Amino acid sequence: MSEKDFVFAASLDFRWFSPKEAQRFLDLALAGELLTLEGKNVKPTFDYMNMEIPKGFTPGPEILQTAPQPRGLLMKMADFISVKSGLPVQDVVSRINTIQDGMGVDAEVAALMAARELNVDASGFYDTVEEGLGKRYRA
């Protein structure tokens, strides 16, 4: 399903979240690699067909409070910014999340913005972020 359909389902169909919270939920699931984007479609990275979900299941609000467990490029960026700025990685991830939530940008873009705010030269990530965004949003 598309990202918009996922957000629509989580917010309006299941009534789990507001649309903004559903987008955050999607972003957290992508950052934590529970979901992945294949073209414009969101796909699970786990075998959901062999899972039993209780009837009436609703995720608790704490799921949105949890910092994502970023992996891959985002984690590399957070680690790099942490080392260069001297801030703990959790603080860097928190800053990235705040920027992402406030501006509605992708996590990698928020990481570049956080690096800039902290006077960290993250230009080595520009091409990789641009390539990833191109793959994610290319028609």
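Listing for the model above:
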{"quantity": "Proximal charge balance of residue 111 [Cβ under 11 Å; K/R count +1, D/E count -1]", "calculated": "-1"}
{"quantity": "Rounded tilt (10° steps) of 126-137 against the dominant C-alpha axis of the chain", "calculated": "20"}
{"quantity": "Choice from 79, 121, 47 showing the highest fluctuation, given a GNM over the chain with Cα pairs closer than 10 Å", "calculated": "47"}
{"quantity": "Shape of the range 4-139, Cα gyration tensor, a/c cut at 1.5", "calculated": "prolate"}
{"quantity": "Listed residues 116, 95, 24, most fluctuating in the chain (Gaussian network, C-alpha, under 10 Å)", "calculated": "116"}
{"quantity": "From phi via Karplus (6.51, -1.76, 1.60), per-residue ³J(HN,Hα) for the range 55-61 in Hz, x at Gly/Pro", "calculated": "4, x, 4, 9, x, x, x"}
{"quantity": "Other-chain or far-sequence residues with amide H under 5 Å of residue 35's (modelled H)", "calculated": "30, 45"}
{"quantity": "Degrees, to the nearest 10: 107-117 long Cα axis against longest axis of the chain", "calculated": "30"}
{"quantity": "Dipole of the range 6-139, positive direction: furthest Cα of 99, 22, 122, with charges on the beta-carbon", "calculated": "22"}
{"quantity": "0 to 90° range, to nearest 10: angle between helix 19-31 axis and the chain longest Cα axis", "calculated": "70"}
{"quantity": "Residue of 57, 25, 80 that the Gaussian network model of the chain assigns the largest fluctuation, springs spanning Cα pairs under 10 Å", "calculated": "57"}
{"quantity": "Of the GluC sites (Glu not before Pro) in the range 12-77, those whose Cβ has at most 11 other Cβ within 10 Å and which sit in DSSP loop", "calculated": "52"}
{"quantity": "Value of relative contact order over the range 19-139, rounded to a whole percent, pairs C-alpha under 8 Å and six or more apart", "calculated": "27"}
{"quantity": "Lysine pairs meeting the criterion (Cα under 18 Å, 8 or more apart or interchain), as found in the chain", "calculated": "7"}
{"quantity": "Local electrostatic count, residue 98, Cβ distance below 11 Å [Lys/Arg +1, Asp/Glu -1]", "calculated": "-2"}
{"quantity": "For residue 42, distant residues with modelled amide H under 5 Å away", "calculated": "2, 3"}
{"quantity": "Summed residue charge, Cβ within 10 Å of residue 39's Cβ, Lys/Arg positive, Asp/Glu negative", "calculated": "+4"}
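Every number in this text was worked out from the coordinates using simple rules, so none of it is lab data. This is a predicted model, so every value here is computed, not measured. Cβ coordinates were reconstructed from backbone atoms using ideal geometry, including for glycine residues, and neighbour counts include every protein chain displayed.
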